[in-house]
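Shown next, in structure tokens, is the structure this report addresses.
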Amino acid sequence: MTSPKELLQSWVLTQAKDLGADQAEWVSRGLATIAETGQERDLYMFMGLAPRRLGKADLILTPDDLSEAEKARSGWRPCGWSIDGAARVLALLTCPPNRPVAERFKDLRRTSDVAEMIALYRGLPLYPEPETLDFEVGEGLRSNIRAVFEAIAHDNPYPRDHFDDHRWNHMILKALFVESRLTPILGLRARANPELARILVDYAHERMAAARQVPGDLRIPLEPFRDLPGVAAILTQREPAQ
């Protein structure tokens with residue numbers, strides 16, 4: 001089976017070649033240097049130059065590419081990634097294991113701009129030792145930048161696979177408060193739990209008391225608990241206008 005790293009390398013190099021031979025050579029040379037030296041300066045230089053050398057266009061993926069991504073890592077959905085973001089994740093995956101991934105991730109996050117931070121968090125399901133990234137993920141969830149929060153919450157299997165119920169419920173509630181859609185959250189129904197249902201009922205009642213619309217996708221995590229007090233009334237409400 002093709003690994004996520006191999007897929008990313010193939011996609012990035014293919015798109016880089018379309019930009020020009022120099023760009024493809026820059027990617028290949030940079031990755032080879034990172035793999036050989038494992039030095040932070042080489043990693044930082046590659047990640048910092050990626051937007052200038054490759055641009056910020058969307059990563060071009062076919063339906064077959066997305067199918068291969070799912071086979072390589074269940075729930076991995078790289079649709080919406082940019083080519084420079086994909087190259088940054090690829091560079092991090094290329095680093096030899098001469099340093100704990102959590103330490104390296106922490107240093108990169110502290111010095112990153114918004115685009116780089118989004119790329120780092122989108123790569124969460126692909127990194128080794130994912131359980132060691134708990135603190136860094138918490139920092140991303142607390143971000144005031146919605147795009148950073150959504151890099152973790154949307155189309156990312158990491159929360160589904162690694163969050164306990166407390167963190168999962170907090171993420172769902174924050175998504176509502178920052179007016180982020182729930183539908184792209186992987187495991188939205190499978191990870192539903194009674195405590196979350198009670199929280200969402202209270203949230204819905206507050207919205208209704210303020211004469212505000214209840215988001216339609218709130219019904220997804222409520223559906224398995226329609227017998228709990230207040231849930232049925234929310235499920236039978238008319239869907240909000242699109």
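The values are calculated or read from the model by the stated rules, or taken from the named source; none is laboratory data. Being a predicted model, the structure only gives us computed values, none of them experimental. Here the Cβ positions follow ideal geometry from the backbone for every residue, glycine too, while neighbour counts run over all protein chains shown.
When each of Leu186, Leu196, Leu200, Leu173 is tested for being in contact (Cβ under 8 Å) with a residue 40 or more places away in the chain and of a type in the set (A, V, I, L, M, F, W, C), the lone residue that passes is Leu186.
Of a type in the set (Gly, Ala, Ser) and under 25 Å from the mean Cα position of the chain (by Cα) - does that describe any residue in the range 219-241?
Within the range 219-241, none of the residues are of a type in the set (Gly, Ala, Ser) and under 25 Å from the mean Cα position of the chain (by Cα).
Taking the listed residues Ile118, Ile145, Ile152, the one that is touching a Pro at 6+ places or on another chain (Cβ under 8 Å) and in contact (Cβ under 8 Å) with a residue 12 or more places away in the chain is Ile152, with no other qualifying.
Of all the criteria given as (1) without any contact (Cβ under 8 Å) to a residue 60 or more places away in the chain; (2) β-branched (Val, Ile, Thr); (3) farther than 22 Å from Ala69 by Cβ, the one not satisfied by Thr111 is (1).
Each row is one residue, and each column tells you yes or no for (1) in contact with a helix residue (DSSP H, G or I) (Cβ under 8 Å, 6 or more places away or on another chain); (2) outside the structural domain of Arg73 (by TED's automatic domain parsing); (3) farther than 21 Å from Asp164 by Cα; (4) assigned to a helix (DSSP H, G or I).
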{"residue": "Ile185", "(1), (2), (3), (4)": "yes, yes, no, no"}
{"residue": "Arg198", "(1), (2), (3), (4)": "no, yes, no, yes"}
{"residue": "Ala204", "(1), (2), (3), (4)": "yes, yes, yes, yes"}
{"residue": "Ala211", "(1), (2), (3), (4)": "no, yes, yes, no"}
{"residue": "Leu228", "(1), (2), (3), (4)": "yes, yes, yes, no"}
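Meeting the requirement of 1 or more residues that are within 21 Å of Arg77 (Cα to Cα), under 12 Å from the mean Cα position of the chain (by Cα) and not hydroxyl-bearing (Ser, Thr, Tyr), the helices (runs of 4 or more DSSP H) wholly within the range 122-183 are 134-141, 146-153, 157-162. Of the residues making up the range 127-160, those that are of a type in the set (S, T, N, Q) and touching a Gly at 6+ places or on another chain (Cβ under 9 Å) number 1.
Each row is one residue, and each column tells you yes or no for (1) surrounded by fewer than 19 Cβ atoms within 10 Å (Cβ to Cβ); (2) part of a strand (DSSP E or B); (3) more than 15 Å from the chain's Cα centre (by Cα); (4) at pLDDT 95 or above.
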| position | (1), (2), (3), (4) |
| --- | --- |
| Tyr44 | yes, no, yes, yes |
| Ser67 | yes, no, yes, yes |
| Ala86 | no, no, no, yes |
| Ala91 | no, no, yes, yes |
| Ile118 | no, no, no, yes |
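Against the conditions (1) touching a His at 6+ places or on another chain (Cβ under 9 Å); (2) closer than 22 Å to Asp107 by Cβ, where does Glu40 fall short? Just the number, please. If we test Glu40 against (1) touching a His at 6+ places or on another chain (Cβ under 9 Å); (2) closer than 22 Å to Asp107 by Cβ, just (1) comes out false.
In the set (1) surrounded by fewer than 20 Cβ atoms within 10 Å (Cβ to Cβ); (2) at pLDDT 95 or above; (3) not basic (Lys, Arg), the condition left unmet by Ile152 is number (1).
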